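> Below is a structure I'd like to ask you about.
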Amino acid sequence: MIQLARLEGFYWVARTGGYARAAREFPYPITQPGVHQQVRKLEIELGTPLLSRISKDRMMLTDAGRALFDFCAPFFEGLQPLVQAIAQGHVAGQLRIDASSLEISQILPNWIKRVCRELPGVQLLVEEIKELDYGRLRSGKTDVIVEYHPSPPADVATTRVGTYHSFLVAPHELLPQSTRRPQLGDLKLAPFASFPPGSVPCALQLAALRRADCTPSRIINASSVSGILGFVESGLCYSVVPWADPRGPQLPGVRTVKATGPHTVFAVSAAYRRDDQSEWLRRALRLAGHARAR
């Protein structure tokens, strides 16, 4: 294992071209013999010369020295600016967010705008996911999961970042000829588009169908809201979908009706590890603009 102090001595000699100049440029007090000792011990440790003398105080890199310098130079050149940034509280942070396509298109933009405006130093990495996986939080693969979280585990906290409303969406040709407001029960036997079987959104859809005493003639599965709406817009089926905009999805040839009553409004939350001490995460969550963590 190479000692960092020896590598630092080598870096400064290689950068300045000599031991005396290296001692003068060092970020802390050190003598010329001290620098020479660092480099000599490194060469003994590696078993090969790293520098060759071309004049009284002029050193040149060997081939091995050049390879080592090219590798370590970016580290030492970036170290001091980083130390200064840390001391001044200007270190850029990183916030990794998991979300499904619906959250990415409807929930995240407003929150991310506030984060970018108030925390310009934070780097945002958003990854689209197909299903909720708290294991990614626990393993450190992500910092936040933005989703509907009906029953988060004990080690996961949530902060509300948005709201979904439920909407009945149906092509005009499937609806009865009537001037009254369409209801889910008007489509009892028509084909229905659902989320993937076994998913939480699918379970919510099926519960809505049971409450309306609907038994679709066929259920067509789609992996996303956009896929479901594509089937509905084609006239193939109807569905019940979540939507953040209170007006609901607006599609040609499709009637959109906002559902009312119990089980029609759902909180969208940012889930994160309760033991996460990240300053960037705490500051970003304060910008969510909704309920406090529960």
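What follows draws every value from the coordinates through simple rules; no lab data is involved. None of the values given here were measured: they were computed from a predicted structure. Positions of Cβ are generated from backbone atoms using ideal geometry, with glycine treated the same way; all protein chains shown enter the neighbour counts.
> Once Rh for the chain is found with the Kirkwood sum over Cα pairs, what is the Stokes-Einstein diffusion coefficient at 20 °C and 1.002 mPa s, in µm²/s?
For these conditions, the coefficient is 89 µm²/s.
> Using the Cβ atoms and a cut-off under 12 Å, what net charge is assigned to the surroundings of residue 108, where Lys and Arg are +1 and Asp and Glu are -1?
Around residue 108, the surrounding residues sum to -3.
> Sticking with this one: Quick one: which of 168-178, 234-244, 123-133 comes out on top by average Cβ neighbours within 10 Å, and what's the full order, highest first? Intermediate values should be presented prior to the final figure.
Values: 168-178: 15.4, 234-244: 20.5, 123-133: 13.7.
Answer by packing, highest mean first, reads 234-244, 168-178, 123-133.
> Same structure, new question: Mind checking which aspartates and glutamates have their C-alpha under 12 Å from residue 258, skipping anything on the same chain fewer than 8 residues away?
245
> Which far-off residues, 5 or more places away or on another chain, put their amide H under 5 Å from the one on residue 62, with H placed in the peptide plane?
51, 52
> To continue, here is another question. What value, in deg cm²/dmol to 500, does the helix sum -39500 (n - 2.57) over DSSP H runs of n ≥ 4 give at 222 nm once divided by the residues of the chain?
-11500 deg cm²/dmol
> To continue, here is another question. With springs only between Cα atoms under 10 Å, which of 84, 32, 183 fluctuates most in a Gaussian network model of the chain?
Largest GNM mean-square fluctuation: 32.
> Excluding residue 283 itself, what net charge comes from residues whose Cβ is under 13 Å from its Cβ, given Lys and Arg +1 and Asp and Glu -1?
My count for the surroundings of residue 283 gives 0.
> Residues of the stretch 37-60 with backbone nitrogen within less than 16 Å of a virtual label 7 Å along the Cα-to-Cβ line of residue 20, please, listed as ranges.
53-60
> Here is a follow-up. Just want to confirm a number: the relative contact order over the chain, from Cα pairs under 8 angstrom separated by 6+ residues, in percent.
The value is 20 percent.
> For the stretch 8-150, report the % of Cα-Cα distances exceeding 25 Å.
Of all Cα-Cα distances in the stretch 8-150, 53 percent exceed 25 Å.
> Over the Cα atoms of the stretch 163-266, what is the Rg over Rh ratio if Rh follows Kirkwood?
Value, to two decimals: 0.91.
> Over 17 Å apart: what share of the alpha carbon pairs of the stretch 178-232 falls there, rounded to a whole percent?
In whole percent, the share of Cα-Cα pairs in the stretch 178-232 beyond 17 Å is 38.
> Indicate, rounded to the nearest 5 percent, the antiparallel portion of the DSSP beta bridges found entirely in the chain.
The answer is about 65 percent antiparallel.
> Now for a different question. Run through all the Cα pairs of the stretch 4-88 and give the fraction in each 5 Å bin from 0, expressed as whole percent.
Pair shares across the bins are 3, 15, 26, 26, 17, 7, 4, 2, 0.
> Another one. Residue 94's amide H: which non-local residues (gap 5+, or another chain) put their own amide H closer than 5 Å, with H modeled 1.01 Å from N in plane and none for Pro or chain starts?
123
> Using a Gaussian network for the chain with springs between C-alpha atoms less than 10 Å apart, which of these wobbles most: 14, 193, 271?
Of 14, 193, 271, the Gaussian network model singles out 14 as fluctuating most.
> Considering amide H positions built from the backbone, and no H for Pro or chain starts, which residues 5 or more places from residue 149, or on another chain, come under 5 Å of its amide H?
269
> If you place +1 on the Cβ of every Lys and Arg and -1 on the Cβ of every Asp and Glu, how big does the dipole about the Cα centre of the chain come out, in debye to the nearest 20?
Numbers: 35 positive and 26 negative charges, 121 e Å.
For this selection, approximately 580 debye.
> By counting other Cβ atoms within 10 Å of each Cβ, how are 57, 70, 143 ranked from fewest to most? Can you show the working numbers first?
Values: 57 14, 70 11, 143 23.
Arranged by neighbour count, lowest to highest, 57, 70, 143 become 70, 57, 143.
> Which residue fluctuates the most in the chain, going by a Gaussian network model with Cα springs under 10 Å, if the choices are 35, 232, 268?
It is 35.
> If you add up the charges near residue 133, with Lys and Arg at +1 and Asp and Glu at -1, over every other residue whose beta carbon is less than 13 angstrom from its beta carbon, what do you get? Write out the running numbers ahead of the final one.
On the way: positive: 130, 136, 138, 141; negative: 98, 127, 128, 131, 147.
Once positives and negatives cancel, what remains is -1.
> Taking θ as phi - 60°, what are the ³J(HN,Hα) couplings along the stretch 195-207 by the Karplus curve (6.51, -1.76, 1.60), each to the nearest whole Hz, with x for Gly and Pro?
Those phi angles translate into 6, x, x, x, 7, 4, x, 5, 4, 5, 5, 5, 5 Hz.
> In percent, how large is the relative contact order of the stretch 1-134, given Cα pairs closer than 8 Å and 6 or more residues apart?
Values: 128 pairs, mean separation 25.0, N = 134.
Here the relative contact order equals 19 percent.
> Mind listing the phi-derived Karplus ³J(HN,Hα) values for the stretch 69-77, rounded to whole Hz, using 6.51, -1.76 and 1.60 with θ = phi - 60°, and x for any glycine or proline?
5, 4, 6, 8, 4, x, 5, 5, 6
> Give me the aspartates and glutamates in straight-line cross-link reach of residue 113: C-alpha distance below 15 Å, same-chain residues under 8 apart excluded.
The reachable aspartates and glutamates, counting only those whose Cα sits under 15 Å from residue 113, are 103.
> Moving to a separate point now. Which one of 207, 129, 48 has its Cα pushed farthest toward the positive end of the charge dipole of the chain, where Lys and Arg give +1 and Asp and Glu give -1 at the Cβ?
In the chain, that residue is 207.
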